[in-house]
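Asks: Take this structure first; my questions come after.
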Amino acid sequence: MKRMTVKQQLILGCVLFGLIIILNSLQVVFSPFSFVRGINLIVVISCSIGVGAFIRELFIIKENVKEDS
C-alpha cells in the first residue's frame, strides 16, 4: 500500500471533519434543550472555521504547484 501524500491527507481530513460537522448540525436542529443547542452551535461554528482553514490551505498548495510548473 502506498503512502498518502499531504494533499490526500488534507482532503481526507476535510471530508471526515465535514461529516462530523453535518452530524453535529443535525443534533443542533433536533435537540429539545436550548443549552445543548447553544453549546453544539458553538462547536459546529468553531469546527467549520477549522475545515475552512484546511480547504484554504489546499487552494494555496494547488496555486503553488501551478506556479512552480
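Asks: With respect to the numbered conditions (1) exposed (fewer than 15 other Cβ atoms within 10 Å of the Cβ); (2) more than 26 Å from GLU63 (Cα to Cα); (3) out of contact with any Cys (no Cβ under 8 Å at 6 or more places or on another chain), which one is the sole condition not fulfilled by ILE20?
Replies: Here ILE20 clears every test but (3).
Asks: Continuing with the same structure: Across the stretch 16-59, which residue is nearest to the chain's Cα centre (by Cα) among those that are among the aromatic types (Phe, Trp, Tyr) and part of a helix (DSSP H, G or I)?
Replies: So, considering only residues that are among the aromatic types (Phe, Trp, Tyr) and part of a helix (DSSP H, G or I), the one nearest to the chain's Cα centre (by Cα) is PHE17.
Asks: Go through the stretch 23-35 and count every residue that is exposed (fewer than 15 other Cβ atoms within 10 Å of the Cβ) and either modelled with pLDDT under 80 or β-branched (Val, Ile, Thr) (or both).
Replies: Selection size over the stretch 23-35: 1.
Asks: Mind listing whichever residues of the stretch 3-15 are part of a helix (DSSP H, G or I) and over 15 Å from GLY52 (Cβ atoms)?
Replies: VAL6, LYS7, GLN8, GLN9, LEU12
Asks: Within the stretch 57-66, is even one residue touching a Phe, Trp or Tyr at 6+ places or on another chain (Cβ under 9 Å) and not small (Gly, Ala, Ser)?
Replies: No, the stretch 57-66 contains no residue that is touching a Phe, Trp or Tyr at 6+ places or on another chain (Cβ under 9 Å) and not small (Gly, Ala, Ser).
The values are calculated or read from the model by the stated rules, or taken from the named source; none is laboratory data. Computed from a predicted model, the values in this text were never measured in an experiment. Using ideal geometry, Cβ is built from the backbone for each residue, glycine included, and neighbour counts are taken over all protein chains shown.
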